[in-house]
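Asker: Below: one structure in structure tokens.
The values are calculated or read from the model by the stated rules, or taken from the named source; none is laboratory data. Everything quoted here is computed from the prediction, not taken from an experiment. Note that we place each Cβ from the backbone using ideal geometry, even for glycine, and neighbour counts take in every protein chain shown.
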Amino acid sequence: MRDTTTSISTVAYIGGMFSFLARSVRFRLKTVVLTTLLAAVVVFVGDWMRPVVNAAQGVMRVGRIDGADVAPMSSIVLQMNSTSFKRRAFAGADASAGGDAKSRKLILDSFEVRPATAELLTLFVGAANEQAAAEALQAAVRTLNADQEKIREPKLAEINIQVGLVDSNIASLTRVREALASPGSIAPESANDPASVMLRRVWVLDLIARNEEKLAAATNDRRALAERIGLSKTYPATLSDDVTIRQISPSPLRHAIFAAAIVLVIMLVYAMVSRPTSA
């Protein structure tokens, strides 16, 4: 019995609210409609006259050297989001954007870097046209690589020195191998004693075996160093080819509908709380 009464009361309350809303709007229907349409038209025209803004989004793989990141991911994000980095990276944005200072300011204000994965960063930028947006992303990657070159150079120089030493050692061991492989090293022409010749052969064969072991170890070291500076473990920051560019402004129809909905709600509330002028 109580549930039925409550249900009837709720239905009656909602029905009364709709009836009250209908009576309130009926007296001001013209004002509500005209105000909503006016707001939609004003927003549509105003947004339609705004300059075009294209947003570009790309994924950048951070640079590595010897299998390790050139710099920590958090440090790279802070660096690329800093004002000084943006100014250096987009110093030539005026030329690519048609010499418009507002376009350069748009790039500076909209550029943002966020971490995506342990090895990838997501880059966002807004520009006046698609070409300027794509060039802005590429300029950011070039500037980052130029900054990180100061860190990469000493490490690469150290590995290259090790490579040079190993190459020199391999060349020396190779010359020793050639000398030991010559006929005169095992059985010199001046040797007439068979026992002496036999002992010399054993000694030379032992030298050859030891030299081959050192040469194999040096070759393995050279291969390991080459792998450390190879493309699989050492590479600069690179921007992926699948850069997404889309126009985000102007969008007059969507903004006009949104503004009309807000104004309509305001006008309905105003119609409900205000007293009708006539019965």
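Asker: Would you mind finding the one in Ser84, Ser103 that is among the polar types (S, T, N, Q), in a helix (DSSP H, G or I) and at pLDDT 90 or above?
Answerer: On the way: Ser103 fails: at pLDDT 90 or above.
Exactly one residue qualifies, and that residue is Ser84.
Asker: While we're looking at this one, here's another question. Of everything in the stretch 98-115 that's over 14 Å from the mean Cα position of the chain (by Cα) and surrounded by 14 or more Cβ atoms within 10 Å (Cβ to Cβ), which residue is farthest from Arg50 (Cα to Cα)?
Answerer: The extreme case among them is Leu108.
Asker: A follow-up question, please. So, in the stretch 116-148, exactly how many residues are touching a residue at least 12 places away in the same chain (Cβ under 8 Å), surrounded by fewer than 18 Cβ atoms within 10 Å (Cβ to Cβ) and part of a loop (DSSP other than H, G, I, E, B)?
Answerer: 4
Asker: A further question on this structure: Do you know which of the residues in the stretch 231-261 that are among the hydroxyl-bearing types (Ser, Thr, Tyr) and more than 15 Å from Glu130 (Cβ to Cβ) is farthest from the chain's Cα centre (by Cα)?
Answerer: Ser251
For (1) modelled with pLDDT of 85 or more; (2) over 30 Å from Val163 (Cα atoms); (3) assigned to a helix (DSSP H, G or I); (4) touching an Asp or Glu at 6+ places or on another chain (Cβ under 8 Å), each residue gets a yes or a no:
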| site | (1), (2), (3), (4) |
| --- | --- |
| Ala40 | no, yes, yes, no |
| Gln57 | yes, yes, no, no |
| Ser74 | yes, yes, yes, no |
| Met80 | yes, yes, yes, no |
| Leu108 | yes, yes, yes, no |
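Asker: What pairs come up if the first residue lies in the stretch 213-227 and is farther than 18 Å from Glu158 by Cβ, the second is among the basic types (Lys, Arg), and their beta carbons are under 9 Å apart, counting only those six or more places apart or on different chains?
Answerer: Filtered contacts from the stretch 213-227: Leu215/Arg177.
Asker: With the structure loaded, tell me whether Lys30 is modelled with pLDDT under 80, out of contact with any helix residue (DSSP H, G or I) (no Cβ under 7 Å at 6 or more places or on another chain) and not assigned by TED's automatic domain parsing to the domain that holds Glu153 or whether it fails that test. Spell out the reasoning first.
Answerer: On the way: modelled with pLDDT under 80: yes; out of contact with any helix residue (DSSP H, G or I) (no Cβ under 7 Å at 6 or more places or on another chain): yes; not assigned by TED's automatic domain parsing to the domain that holds Glu153: yes.
So Lys30 fits the description; yes.
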